[in-house]
Amino acid sequence: MNSPSISTLDLPAVSFFGRTLAEYRQFFRLEPDSLRDRAVLDVAAGPSSFTAEASRLGARAVASDPLYGCTPDALAAHVQMDYARMFAQMRAKPHLLRFYSFASIDAAEADRRAAAARFLADYADYFVHGRYVGAALPHLPFADRAFGLVLCAHLLFLYAGRFDFDWHAAACRELVRVSAEEVRIHPLCGLDGQPWPGLDRLRANLAAGGIDSEIMAVDYEFFIGTGTTLRLKRMLS
Ligand SMILES: C[S@@+](CC[C@H](N)C(=O)[O-])C[C@H]1O[C@@H](n2cnc3c(N)ncnc32)[C@H](O)[C@@H]1O
């Protein structure tokens, strides 16, 4: 059995863990008025409150996650378990954190628990209206160019040990397929805070398939190494 490492977060599975719209704004570098009247898709959304909050701001927002379709009680149980595990890891390894976007682990925990509570209430009301859609990358059940902006946070690159290079390339192509304007993916590092080693090869592979990529610096860091976001767009033909 592997012994626990202090240089990486040890998580047995992809966590059902989520953040607020305010945190999304920072790490995706979203302009204040960029959501109103826009069709926006949050992929691997987990218990993030981004979609609930963006809907209130006038976005036509949809979220997808493999666990959507479970009952609200079952999702609340996932939140309970995964938040306990995640915050135990953070408290055991504070050297993997930067106290810049949040002043303390307690502040981050309060914010993310508020996100999950807001998500659970919205999911109970709006799942039946199609705001929350069960789906797993690299396949999304949406038409080509269905959304102006497509976001995906804290799945690609972060859980690289669970998904190989081909999965990442297929996931990026699928995110671009359902976007009419652009895709943003955050962060570009693994659970050890190190840059994902396949990024240059991935960008070359996407370029060969007609997809432009740009690495954007963002004014955000909580987990080390999370100061960048990848933007993808179809090349003009
Ligand atoms: C750490 S959460 C991120 C939640 C949110 N995007 C955020 O940044 O706050 C990762 C999510 O990815 C979901 N997930 C796991 N495998 C996936 C897959 N193949 N495709 C899409 N989502 C997946 C998990 O269910 C989980 O909710």
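No lab work stands behind these numbers, since they all come straight from the coordinates. Note that this is a predicted model, so its numbers are computed, not measured. We place every Cβ from the backbone using ideal geometry, glycine too, and count neighbours over all the protein chains shown.
Electrostatic tally near Glu53: other residues with Cβ closer than 13 Å to its Cβ, Lys and Arg +1, Asp and Glu -1, net +2.
A cut-off under 14 angstrom between Cβ atoms defines the neighbours of Leu230, and their net charge, with Lys, Arg +1 and Asp, Glu -1, is +3.
Taking chymotrypsin sites (Phe, Trp or Tyr not before Pro) across segment 73-133, the ones in a DSSP loop with at most 11 further Cβ atoms lying within 10 angstrom of their Cβ are Tyr100.
Stokes-Einstein diffusion for segment 21-234 at 4 °C, viscosity 1.567 mPa s, with a Kirkwood radius from C-alpha pairs, works out to 74 µm²/s.
Under a Cβ-Cβ cut-off of 14 Å, what is the net charge of the residues other than Glu181 that fall near it, where Lys and Arg count +1 and Asp and Glu count -1? Don't skip to the end; give the middle numbers.
Working: positive: Arg38, Arg60, Arg145, Arg177, Arg184, Arg231, Lys233, Arg234; negative: Glu31, Asp37, Asp144, Glu182, Asp212, Glu214.
Surrounding charge for Glu181 is +2.
In this structure the amide hydrogen of Val178, modeled in the peptide plane, comes within under 5 Å of the amide hydrogens of Arg145, none closer than 5 places in sequence on its chain.
Scalar couplings 3J(HN,Hα) for segment 170-185, obtained by applying the Karplus form with A = 6.51, B = -1.76, C = 1.60 to θ = phi - 60°, are 5, 5, 5, 4, 5, 4, 5, 4, 8, 9, 8, 10, 7, 10, 10, 10 Hz; x denotes Gly and Pro.
Taking the alpha-carbon centroid of each part, what is the distance from segment 6-27 to segment 52-107 in angstrom? Rounded to whole Å, the Cα centres lie 7 Å apart. Structure remark: mean-square fluctuation, Gaussian network model of the chain, C-alpha springs under 10 Å; the largest value among Ser34, Ser49, Ser213 belongs to Ser34. Looking at the chain as a GNM with Cα springs under 10 Å, which of Leu11, Leu151, Leu206 has the largest mean-square fluctuation? Ranking Leu11, Leu151, Leu206 by mean-square fluctuation puts Leu11 first.
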